[in-house]
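Peer 1: Here it is: the structure, laid out below.
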Amino acid sequence: MRVIAGSAKHMPLKTVKGMDTRPTTDRIKETLFNMIQSDLPGCRFLDLFSGSGAIGIEALSRGAEHAVFVEQSAAAAACIRENLEFTHLAASGVLMQCDVLSAIHRLHTEAAFDIVFMDPPYRLGLEREVLEAMAGTGLIDEYTLIIVEASLDTQFDWLESAGYRMKKYKKYKTNAHVFIQKL
């Protein structure tokens with residue numbers, strides 16, 4: 001796995017050994033960032049369930065001003081720290097080693113994040129739980145772009161009742177990116 005574009009272009013990233021994380025492939029990551037490239041310069045980026053930190057690091061490399069990484073696993077958090085240092089992007093990133101719901105309650109921000117990316121473990125319903133937890137906070141507003149990486153069988157028919165709308169759905173061979181905004 002590597003950084004695809006920007007200031008850290010082609011730099012290899014470490015990943016966590018084992019099957020606890022599912023790193024987004026370079027091909028899917030490139031497709032995703034081609035879709036959001038114009039939103040990145042100067043943005044505030046929140047990377048939930050960060051794994052190796054590859055998505056948030058790609059955002060920083062492509063011009064995001066600031067990124068917050070939330071990861072509960074100690075091994076994955078160590079990997080994120082190493083990747084931020086190696087890519088020389090540590091000054092623009094903050095790592096919170098805790099579970100995502102705790103981070104949502106602990107995060108205090110002066111302005112809503114511009115982009116929130118989450119790649120929760122599949123088939124546990126965490127997408128809804130996290131979006132409902134964020135709804136009543138200042139972390140997001142109606143301009144925040146929320147991107148959920150999900151399994152193809154994940155249902156999002158509850159979005160409207162939770163105060164969100166689906167802006168776009170991008171299907172890949174094994175998973176999808178769901179682009180969501182607050183109503």
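Peer 1: For G63, state whether it is exposed (fewer than 14 other Cβ atoms within 10 Å of the Cβ) and at pLDDT 95 or above.
Peer 2: No; evaluated as a whole, the condition is false for this residue.
Peer 1: Here is a follow-up. Could you tell me which of the residues F69, F86, F33, F45 is open to solvent by 50 Å² or more (accessible area, probe 1.4 Å) and among the aromatic types (F, W, Y)?
Peer 2: F86
Peer 1: On to the next question. Considering only the range 125-157, how many residues are within 19 Å of E110 (Cβ to Cβ), in contact with a Ser or Thr (Cβ under 8 Å, 6 or more places away or on another chain) and not hydrophobic (A, V, I, L, M, F, W, C)?
Peer 2: Total satisfying the criteria: 1.
Peer 1: Another question, if that's okay. Go through the range 112-137 and count every residue that is more than 28 Å from T31 (Cα to Cα) and open to solvent by 50 Å² or more (accessible area, probe 1.4 Å).
Peer 2: Number satisfying all stated conditions: 1.
Peer 1: A further question follows. For the range 158-177: of the residues being assigned to a loop (DSSP other than H, G, I, E, B) and either under 20 Å from K29 (Cα atoms) or touching a residue at least 60 places away in the same chain (Cβ under 8 Å) (or both), which is farthest from the chain's Cα centre (by Cα)?
Peer 2: K173
Peer 1: Starting from the range 141-157, keep only residues that are hydroxyl-bearing (S, T, Y), then list their pairs with residues that are open to solvent by less than 10 Å² (accessible area, probe 1.4 Å) and part of a loop (DSSP other than H, G, I, E, B) whose Cβ atoms are within a distance under 7 Å, requiring at least 6 positions of separation or different chains.
Peer 2: Once the first residue is hydroxyl-bearing (S, T, Y) and sits in the range 141-157, its partners that are open to solvent by less than 10 Å² (accessible area, probe 1.4 Å) and part of a loop (DSSP other than H, G, I, E, B) give T144/F113.
Peer 1: Let me ask something additional. Residues in the range 135-157 that are in a strand (DSSP E or B) and in contact with an Asp or Glu (Cβ under 8 Å, 6 or more places away or on another chain): how many?
Peer 2: Here the count works out to 4.
Peer 1: Restricting to the range 149-176, and then to whatever is within 20 Å of V116 (Cβ to Cβ) and among the aliphatic types (A, V, I, L, M), can you tell me which residue is most open to solvent (accessible area, probe 1.4 Å)?
Peer 2: My answer is M166.
The values are calculated or read from the model by the stated rules, or taken from the named source; none is laboratory data. A quick note: this is a predicted structure, and the numbers were derived from the prediction, not measured. Ideal geometry is used to build each Cβ from the backbone, glycine not excepted, and the neighbour counts take in all protein chains shown. Side chains are part of the model used for accessible areas, which takes the heavy atoms of the whole protein and leaves out ligands, DNA and RNA. Shrake-Rupley method; radii C 1.70, N 1.55, O 1.52, S 1.80 Å.
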